[in-house]
1. Between E114 and D437, how high is the FRET efficiency from 1/(1 + (r/R0)^6) when r is the Cβ-Cβ distance and R₀ = 60 Å? Nearest 0.05.
2. By a straight-distance test (C-alpha under 17 Å), which lysines pair with K258 as possible cross-link partners, with residues fewer than eight away in the same chain excluded?
3. Taking θ = phi - 60°, what integer Hz values does the Karplus form 6.51 cos²θ - 1.76 cosθ + 1.60 yield along the range 214-226, in sequence order, with x for Gly and Pro?
4. For the range 178-224 and the range 432-450, what is the separation of their C-alpha centers, rounded to whole Å?
5. Rounded to whole Hz and in sequence order, give me ³J(HN,Hα) for the range 243-257 from the Karplus expression 6.51 cos²θ - 1.76 cosθ + 1.60, θ = phi - 60°, writing x for Gly and Pro.
6. In straight Cα distance, which aspartates and glutamates are under 13 Å from K349, not counting same-chain residues fewer than 8 positions off?
7. Along the Cα→Cβ direction, 7 angstrom out, place labels at H37 and A467. What is the inter-label distance in nm?
8. What is the set of long-range amide H partners of F339 at a cut-off below 5 Å, with H atoms built 1.01 Å from backbone N?
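Nothing in this text is a laboratory measurement; each read-out follows from the coordinates by a stated rule. This one's a predicted model, so the numbers in the text were calculated from it and none came from an experiment. Cβ: placed from backbone, ideal geometry, glycine included. Neighbour counts: every protein chain shown.
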Amino acid sequence: MKSLRNWTIVILAVMVCAGAMIVSAVASPVDVRAAYHEQDGRVTISGQLSSEAGKLVSLQVINPLNQLDLLDQTAIGADGSYQFSYVLKQKINGTYFVNVNVEQSDQVLGTTFEVKVISPPTPTPDPTTPDSGDSSTAAPQASIVEPEVKSNPHVVVDSTSGIVSAKLEKEAVDKAFSTGDSQLVVEIQPVEGAKQYQLFTPASMFLTTAEKRITIVTEFGSITIPNRLLGNVDLHSATEVGFVIANADRSSIPDDMKDQIGHRPVLKLSLVVDGKAVDFNNSSTVVTVAIPYQPTEEELKDPEHIVVWYIDHAGEVLAVPSGKYEASTGTVTFRTTHFSTFAVGYQQKSFADLSTVEWARKPIEVMASKGIISGTSDTSFQPAANISRADFMMLLTKTFDFNADVTTNFRDVHPIDYYYEAVGIAKQLGLAEGQGDGAFNPNEQISRQDMMVLLARAMGAASIQVAKGVASDLEAFSDKSYVASYAVNDIAALIKSGFVEGSGNRLNPTGYATRAEAAVMLYRIYNKQQNQTVVPDAPNIYFER
């Protein structure tokens, strides 16, 4: 496990409405106060709560680099008060944001505190530097800020095209990473009238084998890029790599999609190598993207239906399964393995045959809106129908956003099959082992216990923490003896962690899983893995936020 310092959670946009108080019916925060003590760098956060001593209060502090500075919990005192005290990891100039919320309440109360650090004077510009004589003008400096390292790359604004460019010199990059940290943040300050922000970096940064990541923050959106991202691009003779974040041209978007997108953001990401555009796609590595977004009042009533759409060169629109609104940061985040055009959307997809499974309605509708599950037609879901092994594997890989280079597959899974890639990814990552004869039996209905085993393996591959399960955890179920030996610990772990519930005192492990049951289980895990910071520790599996 890498240190917290090396795997800093980068929150990629300034929080909105940080001081707004939302009243909750369950132990709502009444107030929150934050005091910073300049002498020793200590921060004290305290407040008074309306009720229920003993409940847990959760605290999140975000530093001016939009990184997590503290995540902690404490219990409400007998008098309804609470208090946290800690020393800043590092004094960074700017505004720190504080979030407080209470156990069993999804409401958040926020405040801020300021830190001022005396910095050395900014060097005077060299008067001998010649003026280019074109329409480009010097802009406010972009800042590269990594703990213990600060640098200011040169920024140029082309007022005619609206292109804002910043450049990192190799010396600055080497210095930034010389401290041993693996995260470099470059924030390009907003420029009025800008249409595109671009950052140029030395190509050598993406040739090193050491784990490094760079986050580029702009007003349009932010991207976090691992240095292994360009592993399938020949950079040995290249000098410079450029990353472009732009407001997309909407003229090529189909009219019906324009209506659905409305005024929501549309972002275009692109890559250039030595000035030439590169059509980039790397299935084994992901870029994490965050787009600042303020939902409408109607959207805030059901924010799980805020989605992300990928718009390809032909104008076809595909849902991005990982797209999700993050209320704590005021951003829509998603993961992608390619640079393309992406739009924020809102979709409430439903089916006409869900009245018999009200317990599964919301999971089905949310997962369908995000493009993870599909109906058997535009209006029908057939929730009570059994699900095949192949179809469940497709849902599993989409839910976890698994990617891998499919080099081999099972003997009964062929390239023409719609599930070929999903099953191949599962095989490559060791989730699916087949039936012992090299076959997968893709059209066979999947049992509940096999579905749970696959879920447990996927969660393990994604480093999602679950309680350790043992056979005694199944004692309450009358049909525990029907659970296969290979499935006991996995099923026990999912039950103990609250992902799986029996029907009364029965598990029905050998019964076939229905489409509704699969949707509910995957929905629970989808929300778990979307809200948990996951550190990659297995080849070709990358979960980042």
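1. 0.35
2. Output for K258: K268.
3. Computed from phi, the couplings for the range 214-226 are 10, 10, 10, 10, 9, 5, 7, x, 10, 10, 10, 10, x Hz.
4. Cα centroid of the range 178-224 versus Cα centroid of the range 432-450: 44 Å apart.
5. Here the 3J(HN,Hα) series is 10, 10, 10, 9, 5, 6, 6, 8, 5, 8, 6, x, 4, 5, 6 Hz.
6. Excluding near neighbours in sequence, the set is D302, E304, E365, D378.
7. For the pair H37/A467, the computed spacing is 3.9 nm.
8. Distant-sequence amide H within range of F339: F280.
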